Amino acid sequence: MDAFKIIVLAKQVPDTRNVGKDAMKADGTVNRAVLPAIFNPEDLHALEVALRIKDLFKDSTITLLTMGPVRAVEILREGFYRGADDGILLTDRAFAGSDTLATSYALSCAIREIRDFDIIICGRQAIDGDTAQVGPQVAEKLGIPQITYCEEIVSLNKKQVTVKRRLEQGVEIVACNLPVLITVNNSAAPCRPRNAKRLMKYKHATTMSKQQETGGDYLASSSSHTHLNIKEWGISNIKCDTAQLGLAGSPTKVKKVDNIVFQSKDSKRIEDLDEDIGILMKELIDSHIIG
Amino acid sequence: MNNVTVYCEFEEGKIADVSFELLSKGRNLANQLNCKLEALLFGNNLDGLEKEIAPYGVDILFKAEDERLSPYTTLPHTSLMVKLFKEQKPQIVLMGATTIGRDLGPRVSSALGSGLTADCTELEIGDHEDKKEKKIYKNLLYQIRPAFGGNIIATIINPDCRPQMATVREGVMRKVISDPKHTCEVIHLDVKNYFNKTDFAIKIIERHIEKSKINIKNSSIIVAGGFGVGSRENFGLLHRLASLLGGEVGATRAAVDAGFVEHERQVGQTGVTVRPKVYIACGISGQIQHLAGMQESSIIISINNDVNAPINKIANYVIQGKVENVIPKMIRYFKENSK
């Protein structure tokens, strides 16, 4: 039976979707404390696409790769609970301040280090930036084709994959030889829930630095339970040009950030007059609430 | 060299509206920078299309014609752009933030090692001082976009890398014909010199129109209607406003039960709970079961002819009037005021 080596790219993000009135502080800055860090939603759809391949081709393996701070190990564990076989946390101070291009470069270097893969799957975009750039940029850096906006894998064999893409107006079915990078839409099937047995097995899985941080007996636990060790890679573990990493390797710079200050609760009464509604729409556009 | 370039999307025999909008903005930027405006048009059967493009003030049109360029696939379009940009060295490249632009843009930016900003809502020319390096950059492209789920507005610049690339959503910029009689120089590209052997890895097997499943939970703008909207036809107005604002239509249980909209759009205790950035409640009185599903919205705008409707107590803006009169006005003034 065919088996596939799958890499799933995932990101831990602040949950910006359900920001209510308390998400912004009175001074107009983002209240990060009320925003939990979560598994980027479309990356979960990507994981489900990978798990469905594994359902059909039992000997396939799923490696979850994430780049971020040490805390991002949480989403690797989340991936283990749902069926991922392996997880790698790419973390290093040198990655700090990366824009999408520097992120893609670091991820592509880590993927070259993993070396052997048939399919890379990731979410279309992350909810904190909504850029949808990292997927295509990783594909370009690796010199492989990309299939964006995947809703479903229609068929797969050792040579070729057929994918249903969700576009603005309709759908497109495309075929491509492996290896390929696929980005997954939120219209794809939602990820299956955690598996209770896997949760028991992996709940203590972590990386070495996290283990040291909490003062646990890392060596003792690692020798007897190797599945609890999550790989942690820094720049010494990948072959890379450090000039292309982090802030220095990022062509885009943030010049300025304006916070959107939402109005107070006092309601404003507006008459059904051309002038009044014109003023309202202009006010909403100028304050970036719409438009 | 050093010009402003717009990638024109050509699908199903038509140039996309967003491309005309970007050409209009591109002309404006080129005037400020005192450089030329160039357009790219890749596809098949492109005869005479320069007549549609030139009136927007285009100086040079680069055309690439080949049957393998239409319908769009990523790799041949990428190869054309990357090689052409290496020859022409534009300073600014604009593309639509469409399914095509968001697929092509990042691939091209990665190949060129240049910066790309997605979904810009404003583009301006301005200077930048790097205090650490003691360097002053003149005439950069300010790429302004919402980030962090729309809670902040960031101004992004690319000080050192060229081209400065940006994508913009349809309807954000305004379409302006600069001179109906304007003509442009047309340069035909010999595609053989641009394609790579591996560019045709993706085969399109089938394309068809298919409605996507409704999911209002992830929408940052919701235009919701109650029983007071009155009819399925009147809900059409809500759909128009929602699509213009890039949002979704929601509804109360009463409106769903009356058959005005699909059940998937129901907000409230027995429907979905939403927390959008903007909730426009049209003809909704504000039953507690409905409020439970939307009261955490950041901005609530209520349109109701009853001043005493309970929903007005939690609304930031209350427009007193009939839905069928107010929404057309909102549509009109949104269009007039958007850039």
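The values are calculated or read from the model by the stated rules, or taken from the named source; none is laboratory data. All of these numbers come straight from a predicted model, not from anything done at the bench. Neighbour counts are summed over all protein chains in view; Cβ atoms, including those assigned to glycine, are modelled from backbone coordinates with ideal geometry.
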Inset, instruction - Would you point out the residue of the stretch B:1-18, among those that are touching a residue at least 60 places away in the same chain (Cβ under 8 Å) and among the hydrophobic types (A, V, I, L, M, F, W, C), that is nearest to residue B:95 (Cα to Cα)? - result: B:6
Legend entry - Residue list for the stretch B:286-300, filter: among the hydrophobic types (A, V, I, L, M, F, W, C) and facing chain A (nearest Cβ under 8 Å): B:299
Inset, instruction - Scan the stretch B:301-339 for residues that are among the polar types (S, T, N, Q) and either under 14 Å from residue A:273 (Cβ atoms) or at the interface with another protein chain (Cβ under 9 Å from one of its Cβ atoms) (or both) and jot them down. - result: B:302, B:305, B:312, B:316, B:320, B:325, B:337, B:338
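Within the stretch A:176-199, take every residue that is charged (D, E, K, R) and assigned to a helix (DSSP H, G or I) and give me the one that is nearest to the other protein chains (Cβ to nearest Cβ).
Initial filter on the stretch A:176-199 (charged (D, E, K, R)): A:192, A:194, A:197-198.
When the remaining residues are screened for being assigned to a helix (DSSP H, G or I), the result is A:197-198.
Details: A:197: 30, A:198: 27 Å.
Ranking the qualifying residues of the stretch A:176-199, first place goes to A:198.
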Inset, instruction - Hey, could you check the stretch A:124-145 for residues that are on the phi < 0 side of the Ramachandran plot, in a loop (DSSP other than H, G, I, E, B) and within 8 Å of chain B (Cβ to nearest Cβ) and say which is surrounded by the fewest Cβ atoms within 10 Å (Cβ to Cβ)? - result: A:128
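Listed here are the residues, each with its yes/no results for (1) farther than 22 Å from residue B:207 by Cβ; (2) within 14 Å of another protein chain (Cβ to nearest Cβ).
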| position | (1), (2) |
| --- | --- |
| B:44 | no, no |
| B:57 | yes, no |
| B:71 | no, yes |
| B:88 | yes, no |
| B:97 | no, yes |
| B:102 | no, yes |
Inset, instruction - Evaluate the following for residue A:116: is it at pLDDT below 95, within 13 Å of chain B (Cβ to nearest Cβ) and not in a helix (DSSP H, G or I)? - result: no
Legend entry - Wholly within the stretch B:251-339, helices (runs of 4 or more DSSP H) carrying at least 1 residues that are in contact (Cβ under 8 Å) with a residue 60 or more places away in the chain and surrounded by fewer than 22 Cβ atoms within 10 Å (Cβ to Cβ): B:323-337
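Rundown of residues vs (1) at pLDDT 90 or above; (2) within 14 Å of chain B (Cβ to nearest Cβ); (3) assigned to a helix (DSSP H, G or I); (4) more than 30 Å from residue A:109 (Cβ to Cβ), yes/no style:
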| site | (1), (2), (3), (4) |
| --- | --- |
| A:201 | yes, no, yes, yes |
| A:209 | no, no, yes, no |
| A:220 | no, no, yes, yes |
| A:247 | yes, yes, no, no |
| A:251 | yes, yes, no, no |
| A:258 | no, yes, no, yes |
| A:263 | no, yes, no, yes |
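Test residue B:131 against the criterion of being farther than 30 Å from residue B:55 by Cα, more than 9 Å from every other protein chain (Cβ to nearest Cβ) and at pLDDT below 95, and give yes or no.
Working: farther than 30 Å from residue B:55 by Cα: yes; more than 9 Å from every other protein chain (Cβ to nearest Cβ): yes; at pLDDT below 95: yes.
Criteria met by residue B:131.
Conditions (1) away from chain B (no Cβ under 14 Å); (2) surrounded by 21 or more Cβ atoms within 10 Å (Cβ to Cβ); (3) hydrophobic (A, V, I, L, M, F, W, C), marked per residue:
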{"residue": "A:58", "(1), (2), (3)": "yes, no, no"}
{"residue": "A:71", "(1), (2), (3)": "yes, no, no"}
{"residue": "A:75", "(1), (2), (3)": "yes, yes, yes"}
{"residue": "A:88", "(1), (2), (3)": "yes, yes, yes"}
{"residue": "A:93", "(1), (2), (3)": "yes, no, no"}
{"residue": "A:101", "(1), (2), (3)": "no, yes, yes"}
{"residue": "A:104", "(1), (2), (3)": "no, yes, no"}
{"residue": "A:107", "(1), (2), (3)": "no, yes, yes"}
Inset, instruction - State yes or no: is residue B:301 within 17 Å of residue A:268 (Cα to Cα), β-branched (Val, Ile, Thr) and within 25 Å of the chain's Cα centre (by Cα)? - result: yes
Legend entry - Qualifying strands (runs of 3 or more DSSP E) (wholly inside the stretch B:155-247; at least 2 residues being facing chain A (nearest Cβ under 10 Å) and β-branched (Val, Ile, Thr)): B:202-209
Inset, instruction - Say whether the condition of being at pLDDT 90 or above, touching a Gly at 6+ places or on another chain (Cβ under 8 Å) and of a type in the set (Lys, Arg) is met by at least one residue in the stretch B:274-290. - result: no
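Considering only residues of the stretch B:1-10 that are touching a strand residue (DSSP E or B) at 6+ places or on another chain (Cβ under 8 Å) and not aromatic (Phe, Trp, Tyr), which is surrounded by the fewest Cβ atoms within 10 Å (Cβ to Cβ)?
Within the stretch B:1-10, the match that is surrounded by the fewest Cβ atoms within 10 Å (Cβ to Cβ) is B:3.
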Inset, instruction - Given the conditions (1) free of Cβ contacts under 8 Å to residues at least 24 places away in the same chain; (2) of a type in the set (D, E, K, R); (3) in contact with a strand residue (DSSP E or B) (Cβ under 9 Å, 6 or more places away or on another chain), report the number of the one that residue B:133 does not fulfil. - result: (3)
